[in-house]
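The values are calculated or read from the model by the stated rules, or taken from the named source; none is laboratory data. This structure is a prediction, so every number in the text was calculated from the model and none was measured. Here the Cβ positions follow ideal geometry from the backbone for every residue, glycine too, while neighbour counts run over all protein chains shown.
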There are 2 protein chains.
Amino acid sequence: MSYVAPLKDMRFVLNELAGLSEVNALPGCEDASPETVEAVLEENAKFCSEVIAPLNVAGDKEPSFWKDGTVTTTKGFRDAFRAFGEAGWQGVQHPVEFGGQGLPKLVATPCIEMLNSANLSFALCPLLTDGAIEALMTAGSDEQKNTYLANLISGKWTGTMNLTEPQAGSDLALVRTRAVPQGDGTYKISGTKIFITYGEHDMAENIVHLVLARTPDAPEGVKGISLFIVPKFLVNADGSLGARNDVHCVSIEHKLGIKASPTAVLQFGDHGGAIGTLVGEENRGLEYMFIMMNAARFAVGMQGIAVAERAYQQAVQYARDRLQSRDLAGSSGPVAIIHHPDVRRMLMSMRSQVEAARALAYVTAAAYDAAHHHADDAVRKANQAFYEYMVPVVKGWSTELSIDVASTGVQVHGGMGFIEETGAAQHYRDARILPIYEGTTAIQANDLVGRKTARDGGATAKAILGQVRRTEEELASSSSADLAVIRKRLAAASKAFGDVVDYVAGNMKTDIKGVFAGSVPYLKMAGIVLGGWQMARAALIAERKLAAGEGDADFYRTKIATARFFADYMLSQADAYRAAIVEGSAGVLAVPVEQF
Amino acid sequence: MSYVAPLKDMRFVLNELAGLSEVNALPGCEDASPETVEAVLEENAKFCSEVIAPLNVAGDKEPSFWKDGTVTTTKGFRDAFRAFGEAGWQGVQHPVEFGGQGLPKLVATPCIEMLNSANLSFALCPLLTDGAIEALMTAGSDEQKNTYLANLISGKWTGTMNLTEPQAGSDLALVRTRAVPQGDGTYKISGTKIFITYGEHDMAENIVHLVLARTPDAPEGVKGISLFIVPKFLVNADGSLGARNDVHCVSIEHKLGIKASPTAVLQFGDHGGAIGTLVGEENRGLEYMFIMMNAARFAVGMQGIAVAERAYQQAVQYARDRLQSRDLAGSSGPVAIIHHPDVRRMLMSMRSQVEAARALAYVTAAAYDAAHHHADDAVRKANQAFYEYMVPVVKGWSTELSIDVASTGVQVHGGMGFIEETGAAQHYRDARILPIYEGTTAIQANDLVGRKTARDGGATAKAILGQVRRTEEELASSSSADLAVIRKRLAAASKAFGDVVDYVAGNMKTDIKGVFAGSVPYLKMAGIVLGGWQMARAALIAERKLAAGEGDADFYRTKIATARFFADYMLSQADAYRAAIVEGSAGVLAVPVEQF
């Protein structure tokens, strides 16, 4: 199945919901002119559809494979990655100083979506490389920046994140990898890292591993973790490649999905010691890692939206083509199944969730840009708080819904969906990793509950709810029946959400287990309420455009119907979430361990 | 991962919720004494855990394969199937007259669950054979019964259902396979059937295909379909095997899951004609097929419960074993993740859905027995109506939730869940077919809306709601805080469900597309409300047992907590379903086809 970038919706979200022109007006974002952005979108869409998307099925059928310590990626990946780098796509959001395009995160975001829709497995390599670039930009020395950044941004080299160890999955306090200073400014690194995405491959000349490890005198727990650069090949002073470093891929995993993306077990220092250099200061590794993780978490949220969009497109195509049963309203023979109400319901469920999640993510990206570039300190701070609140929501909610959307995509295909050759099943398999890696949904929810809600007593959440209420007021002035229903559902949902925020902020100290029992429901509810808010905003804008006779009337009418669907099917769930979160912890926690 | 049959919960549901003693008291069910049932449960549990369950992973890793028209099943399946037949497990619910055990459906139901938990792929062969037995019992001639039944019931031969053709998936009006009478009482069958489960294999001496086809003068559409027996090997007058019939397996499918179960493309009559005999009367094939389909649909619902139970057991085991992060209430080091509230929430979500679906299914099986055996005609009729209403609910709801449960099972495992060797992913893949085959969830929902609700003006649904209200009244007399919450949620949910039934029954004639737009939500809501009703009944019984100091207090306390969880997390969703069904069709149907 081919992929066609949903440029129409992307433009709508960028311009109307996320405020691309306001972002373009920020100091340092002057390059993101309407013409430039349009060119980026169109070229990226073309590249992703024509070069990357056709490799998606191949990656599933002929996964990357390991032999004698080397990984050979799926045929075509290597050339495609070279083309990707040469076209400048790795550098969209990175500094011009090191060869990037220096565009805002808001502009990079649809590019990330398109690349991931085209090919989730392929896109992981640039995704991890973005994270490495981010970490080096934040905490790297000038020498480190000069040595690595230009090659990472050009796609000549790639980056990895090495956190997980066999005994330390989500719990980084348990990291054991050791880093022993050699007195010459370098460290010898030894240990085992697992689940390292693109930890070994043949698509680039060098792989820049960013590795969490402990120095000999480091304190225990997460406060004793430092971050190191351990390149696959050491880099000479002149920038040329030197000796092979002692980091070796001992195996890759046999996975449910994203099979073209090699998931490596890396062994550091088994043959004399892997040489690494410290990034930033000792024992601040977790802090730096969180910077790259926030970027990576947002990007994984985009992966959820991306695979959901791809599954949706495939389901629509099948539903248009497959003839089966008569129309309920009567027809002379079988009709395309897209005419059957339940198929329509499934497609609307997929579509509305994708559009809501996209809108929320792009608005979040715009907040990042304002947080980094706005001239007014108070505006920067408010946007930073908004962005930080949203990262776990975008990551957790978009990835959880991607499983539902991909599963519905299989269902639309009926029996054919279960046959691997159809391709719908691949999305169902691929999507399953998304709520797990870069922090499971529970980890995102812990972040949302602890750092992002309870710490400020719910102030950020309440400030966002204030914005939601303003949208409700705008909806109240509409005479449209659809918008009236949307307003009713949004008002009920935001009321329920306010209650939940009060509960979370108010009970952390007295009933921490009870609050955390509802943490994932709270995260999902935040996604639904705030995604529904964006859909309500979209419906308002669509109504205004229709009234003014501007633009594509079919598009705007469809947007209103999609927002209406989201309100009736998704926003309506808010009360159930409140019940589960505020009153449901008793049932969650009552059963003794031995009774399971 | 090993499988341990949940006999404690099965016994509770059989005895306390489904009324095994009442079933045992029915004429013709005298053999289902407590001692016999206990022996059946224990022996079946042992057989399933020890003989069948160990083959589950092998079936996934080394699927059945096709070569030159023959299918070789996974190593071990053939011997296991022989043992299954010899132990009499194919015959649990079939007539003593033909070698069966003649036990009620209520007793066969836990056996079906256990076999499917042990190995979904393996269990499909007996499942389809049950369907063939059912069809022959209903509509077969004495000669056909004498020729086929004993060998099917002993497991010497197996059965299949041949409905689907490439152009006719869910829409049997499009069936094209032809049956031409030969004047000697036989017919020559020709055509292609796809998605035929165990359509070819090496586990039995003969395969008895039940095939839908059209005679030359048959009317168009579903009223011109007849049912034929087309055995793989013709059967001589003395019962011995005769010539190879002209039905050949030209390929099997490459599937997402249940890989050990061969899904065949069967070609009938390409080499001179396949010889078949008519079952019952011409043009009544669909009616007979529906009899076996109702049995098969119920059994597929059991598959959903079964795979969900297996996924739950695997997740519990991992959650007990995996150490990670400190306890939120403080601990000296990492604790087993089962102590973390969100893991607990996931396990309770899995557990409560499995228990609710099991209770509803077993109660439905008991209604089948009463419908067939009760001395009072009015009681038979009421139970038949209950059973027929429940079949699409058990099939649709239990299979839809099995995907959610299996997916949550993967999530509990974190990154390890995505690695195939862990085994959690197999359940996620296997479960995905369940809401598709034997009629997709939409087909079940059409049945529920049309035949089971609108046709009698909602009378059956309302009668069931009357029973729910009586449970609410019983709950009102309890002083337990948990039961008070359960009552509140059940009352709100049953109120919402009543509104939905009124909407469905009241709007079929004026707004058929609007009603069908909400058909699947109506089915899921029925599952939640009626499953929640069973959990409420269970909580009441548990409370009484605790008050009386009878039995296993931990079990009963856990049952109440599980019912409480189900109420807060599942029953609480009823209002959202009402909104979607009663008010949501506008959003489902508004978007023109070309805008997707």
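If the condition is being closer than 20 Å to B:Asp568 by Cα and touching a residue at least 60 places away in the same chain (Cβ under 8 Å), then the range B:446-471 contributes B:Val468, B:Thr471. Are any of the residues in the range A:455-477 among the basic types (Lys, Arg), part of a helix (DSSP H, G or I) and within 12 Å of chain B (Cβ to nearest Cβ)? Among the residues of the range A:455-477, not one is among the basic types (Lys, Arg), part of a helix (DSSP H, G or I) and within 12 Å of chain B (Cβ to nearest Cβ), which makes the answer no.
Which condition number does A:Arg178 fail, the rest of (1) in contact with a Lys or Arg (Cβ under 7 Å, 6 or more places away or on another chain); (2) not assigned by TED's automatic domain parsing to the domain that holds A:Asp217 being met? Every condition holds for A:Arg178 apart from (2).
I'd like the full set of residues that are surrounded by fewer than 24 Cβ atoms within 10 Å (Cβ to Cβ) and either without any contact (Cβ under 8 Å) to a residue 12 or more places away in the chain or among the acidic types (Asp, Glu) (or both), limited to the range A:72-129. Result: A:Asp79, A:Glu86, A:Val96, A:Glu97.
Yes/no per residue for (1) within 30 Å of B:Ser226 (Cβ to Cβ); (2) at pLDDT 95 or above; (3) of a type in the set (Phe, Trp, Tyr):
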{"residue": "B:Ala295", "(1), (2), (3)": "yes, no, no"}
{"residue": "B:Asp321", "(1), (2), (3)": "no, yes, no"}
{"residue": "B:Ser331", "(1), (2), (3)": "no, no, no"}
{"residue": "B:Ile337", "(1), (2), (3)": "no, yes, no"}
{"residue": "B:Glu355", "(1), (2), (3)": "no, yes, no"}
{"residue": "B:Ala366", "(1), (2), (3)": "no, yes, no"}
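The residue pairs whose first member lies in the range A:497-513 and is within 14 Å of chain B (Cβ to nearest Cβ), whose second member is outside any helix (DSSP H, G or I), and whose beta carbons are closer than 6 Å, counting only pairs six or more residues apart or on different chains, are A:Ile512/B:Leu328; A:Lys513/B:Leu328. Give me the pairs, please: first residue somewhere in the range B:310-334 and hydroxyl-bearing (Ser, Thr, Tyr), second residue anywhere and assigned to a loop (DSSP other than H, G, I, E, B) and surrounded by fewer than 19 Cβ atoms within 10 Å (Cβ to Cβ), beta-carbon distance under 7 Å, and either six or more positions apart or on two chains. Matching pairs, first to second residue: B:Ser325/B:Pro334. Considering only residues in the range A:247-267 that are closer than 25 Å to A:Glu134 by Cα and surrounded by fewer than 24 Cβ atoms within 10 Å (Cβ to Cβ), the one that is farthest from the other protein chains (Cβ to nearest Cβ) turns out to be A:His248.
Please report, ordered by residue number, the helices (runs of 4 or more DSSP H) entirely within the range A:105-174 with at least 3 residues that are within 14 Å of another protein chain (Cβ to nearest Cβ) and of a type outside the set (D, E, K, R). Spell out the reasoning first.
Numbers: elements: A:105-118, A:120-139, A:142-153.
Per the criteria, A:120-139.
Take A:Gly551 and decide whether it is on the phi > 0 side of the Ramachandran plot and assigned by TED's automatic domain parsing to the domain that holds A:Lys452.
Numbers: on the phi > 0 side of the Ramachandran plot: yes; assigned by TED's automatic domain parsing to the domain that holds A:Lys452: yes.
In short, yes.
Sort through A:Gln144, A:Gln93 and tell me the only one that's at negative phi, among the polar types (S, T, N, Q) and more than 20 Å from the chain's Cα centre (by Cα).
Values: A:Gln93 fails: more than 20 Å from the chain's Cα centre (by Cα).
When all the criteria are applied, what remains is A:Gln144.
Yes/no per residue for (1) at pLDDT 95 or above; (2) more than 30 Å from A:Leu7 (Cα to Cα); (3) facing another protein chain (nearest Cβ under 10 Å):
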{"site": "B:Tyr522", "(1), (2), (3)": "yes, yes, no"}
{"site": "B:Leu530", "(1), (2), (3)": "yes, yes, no"}
{"site": "B:Met535", "(1), (2), (3)": "yes, yes, no"}
{"site": "B:Leu540", "(1), (2), (3)": "yes, yes, no"}
{"site": "B:Gly549", "(1), (2), (3)": "yes, yes, no"}
{"site": "B:Tyr556", "(1), (2), (3)": "yes, yes, no"}
{"site": "B:Asp575", "(1), (2), (3)": "yes, yes, yes"}
{"site": "B:Ala579", "(1), (2), (3)": "yes, yes, yes"}
{"site": "B:Gln595", "(1), (2), (3)": "yes, no, yes"}
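Of all the criteria given as (1) more than 18 Å from the chain's Cα centre (by Cα); (2) closer than 18 Å to A:Met302 by Cα, the one not satisfied by A:Gly415 is (2).
Within the range B:222-281, the residues that satisfy the criterion of being within 24 Å of the chain's Cα centre (by Cα) and charged (D, E, K, R) are B:Glu253, B:Lys255, B:Lys259. Taking the conditions (1) within 21 Å of B:Arg310 (Cα to Cα); (2) buried (at least 24 other Cβ atoms within 10 Å of the Cβ) in turn, B:Leu152 satisfies each one other than (1).
Restricting attention to the range B:58-76, the residues that are acidic (Asp, Glu) and more than 21 Å from A:Leu256 (Cα to Cα) total 1. Can you find even one residue in the range A:556-577 that is over 23 Å from A:Asp404 (Cβ atoms), out of contact with any Gly (no Cβ under 9 Å at 6 or more places or on another chain) and not aliphatic (A, V, I, L, M)? Within the range A:556-577 (the criterion being over 23 Å from A:Asp404 (Cβ atoms), out of contact with any Gly (no Cβ under 9 Å at 6 or more places or on another chain) and not aliphatic (A, V, I, L, M)), the answer is yes, since at least one residue qualifies. You will find that of A:Ala371, A:Ala365, the residue that is surrounded by fewer than 20 Cβ atoms within 10 Å (Cβ to Cβ), more than 9 Å from chain B (Cβ to nearest Cβ) and on the phi < 0 side of the Ramachandran plot is A:Ala371 and no other. Within the range B:175-195, the residues that satisfy the criterion of being crowded, with 24+ Cβ neighbours inside 10 Å, within 24 Å of B:Gly272 (Cβ to Cβ) and within 14 Å of chain A (Cβ to nearest Cβ) are B:Val175, B:Lys193. Taken as a whole, the structure places A:Ala213 among residues that are in contact with a Gly (Cβ under 9 Å, 6 or more places away or on another chain) and crowded, with 21+ Cβ neighbours inside 10 Å. Out of the residues in the range A:317-340 that are surrounded by fewer than 24 Cβ atoms within 10 Å (Cβ to Cβ) and part of a helix (DSSP H, G or I), state the one that is nearest to the other protein chains (Cβ to nearest Cβ). The selected residue is A:Ile338. Would you be able to say whether some residue in the range A:423-441 is modelled with pLDDT of 95 or more, touching a Pro at 6+ places or on another chain (Cβ under 6 Å) and either of a type in the set (D, E, K, R) or not in a helix (DSSP H, G or I) (or both)? Looking for residues that are modelled with pLDDT of 95 or more, touching a Pro at 6+ places or on another chain (Cβ under 6 Å) and either of a type in the set (D, E, K, R) or not in a helix (DSSP H, G or I) (or both), one finds none in the range A:423-441, hence no. Exactly one residue out of B:Lys495, B:Lys513 is touching a Pro at 6+ places or on another chain (Cβ under 7 Å) and modelled with pLDDT of 95 or more: that is B:Lys513.
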